[in-house]
Amino acid sequence: MFRRKISRIGRGTLEAGRAAAELARVAAATLGGAVFGYWRGKRPKREIARQLYFVGNRSLLFVLTTLGFVGMVMVYQTCLLTTQVVDGRNQVGAQWARLLVLDVGPSLTAMMLATRVGAGIAAEIGSMKVTEQIDALRMSGVTPVSYLIVPRFFACIAMSVVLTMFGMAAAWGAGGLTGYYSFHINPRIFFDLGMVKPSFAIVGMIKAVAFGAAIPIVSGFCGLRARGSSEGVGAATTAAVIGSSFAVIVLDFAISWIGMVMLGASA
């Protein structure tokens with residue numbers, strides 16, 4: 001019994017190591033394909049445009065609705081708590097803007113993209129893998145990573161930044177309306193950006209770019225590892241959502257810490 005447990009632990013460790021190495025290879029191939037393809041002018045513009053529409057236009061309403069409701073709830077709860085202790089409603093807007101730019105906006109937008117876009121990327125690539133279309137691409141001399149993941153990589157980075165800005169605007173605006181109609185906060189006081197430093201915006205945009213780069217890499221990696229039939233595609237989709245969300249959380253912590261140390265951008 002003891003040997004079996006040790007054997008299972010060993011197999012799990014080796015599998016995790018192989019998966020990490022494969023993920024690193026996919027990430028390196030994606031970054032290499034993006035850089036060399038850009039400088040050589042080999043950019044599949046039609047595919048990138050299609051992915052921009054899929055990632056951006058199809059996700060815009062989802063992001064706006066989610067961030068808008070988050071802004072309403074956060075401002076309402078904050079105002080409710082501040083009025084119970086000391087009346088600090090005049091500080092809610094400035095603090096919410098700072099937190100939104102530095103962390104909440106990029107992180108929540110990326111989590112929404114991880115659930116929607118990440119699942120779609122994994123399902124599409126996983127379906128191609130189990131139907132042997134990936135093998136057909138290799139036989140035709142086409143690198144699957146450059147053909148499938150790199151266009152999504154470009155699209156996710158661009159649209160992650162754009163959707164983050166739209167999402168922050170929705171959360172900020174919805175929070176301001178909530179503060180005005182529920183707690184009579186003057187909009188001029190609420191929409192004050194005096195506490196938002198340039199370093200906060202820099203860190204927030206770095207997060208948006210990093211999240212947009214991580215989601216297609218992790219999701220494409222999960223899709224390429226799909227095995228079997230429809231069950232394998234479902235497992236790859238689930239793994240993509242979990243892996244992308246976990247990557248967003250880890251990158252959020254790492255970039256926040258680096259930003260705090262190097263730029264002094266701390267909430």
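The values are calculated or read from the model by the stated rules, or taken from the named source; none is laboratory data. Since we're looking at a predicted model, the values are computed, not measured. In this analysis, Cβ positions are derived from the backbone assuming ideal geometry, glycine residues included, and neighbour counts consider all displayed protein chains.
Laid out as a table, the results:
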quantity	calculated
Residue that is nearest to GLY33 (Cα to Cα), among those in region 179-216 that are buried (at least 21 other Cβ atoms within 10 Å of the Cβ) and more than 15 Å from the chain's Cα centre (by Cα)	PHE200
Unique match (being of a type in the set (Gly, Ala, Ser) and over 19 Å from GLN51 (Cβ atoms)) among SER245, SER219	SER245
Those residues of region 79-120 which are β-branched (Val, Ile, Thr), modelled with pLDDT under 90 and part of a helix (DSSP H, G or I), in sequence order	THR82, THR83, VAL85, VAL92
Count of region 168-221 residues which are of a type in the set (D, E, K, R) and free of Cβ contacts under 8 Å to residues at least 24 places away in the same chain	1
Enumeration of residues in region 217-232 that are surrounded by fewer than 24 Cβ atoms within 10 Å (Cβ to Cβ) and either outside any loop (DSSP other than H, G, I, E, B) or not small (Gly, Ala, Ser) (or both)	LEU224, ARG225, ARG227, SER230, GLU231, GLY232
Residue match in region 131-144 (condition: assigned to a helix (DSSP H, G or I), touching a Gly at 6+ places or on another chain (Cβ under 7 Å) and in contact (Cβ under 8 Å) with a residue 12 or more places away in the chain)	no
Flag for GLY175 being over 30 Å from ALA49 (Cα atoms), part of a helix (DSSP H, G or I), of a type outside the set (D, E, K, R) and within 23 Å of the chain's Cα centre (by Cα)	yes
Any pair with Cβ under 6 angstrom, 6 or more apart, that starts in region 228-251 at a residue that is over 15 Å from PRO216 (Cα atoms) and modelled with pLDDT under 95 and ends at one that is among the polar types (S, T, N, Q) and part of a helix (DSSP H, G or I)	VAL233/SER127
For THR178: the one exception among (1) more than 18 Å from LEU100 (Cα to Cα); (2) in contact with a Phe, Trp or Tyr (Cβ under 8 Å, 6 or more places away or on another chain)	(1)
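Yes or no, residue by residue, for (1) under 30 Å from VAL145 (Cβ atoms); (2) basic (Lys, Arg); (3) touching a Gly at 6+ places or on another chain (Cβ under 6 Å); (4) buried (at least 21 other Cβ atoms within 10 Å of the Cβ):
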| position | (1), (2), (3), (4) |
| --- | --- |
| LEU60 | yes, no, no, no |
| THR78 | no, no, no, yes |
| GLN84 | no, no, no, no |
| ARG89 | no, yes, no, no |
| ALA94 | no, no, no, no |
| VAL101 | no, no, yes, yes |
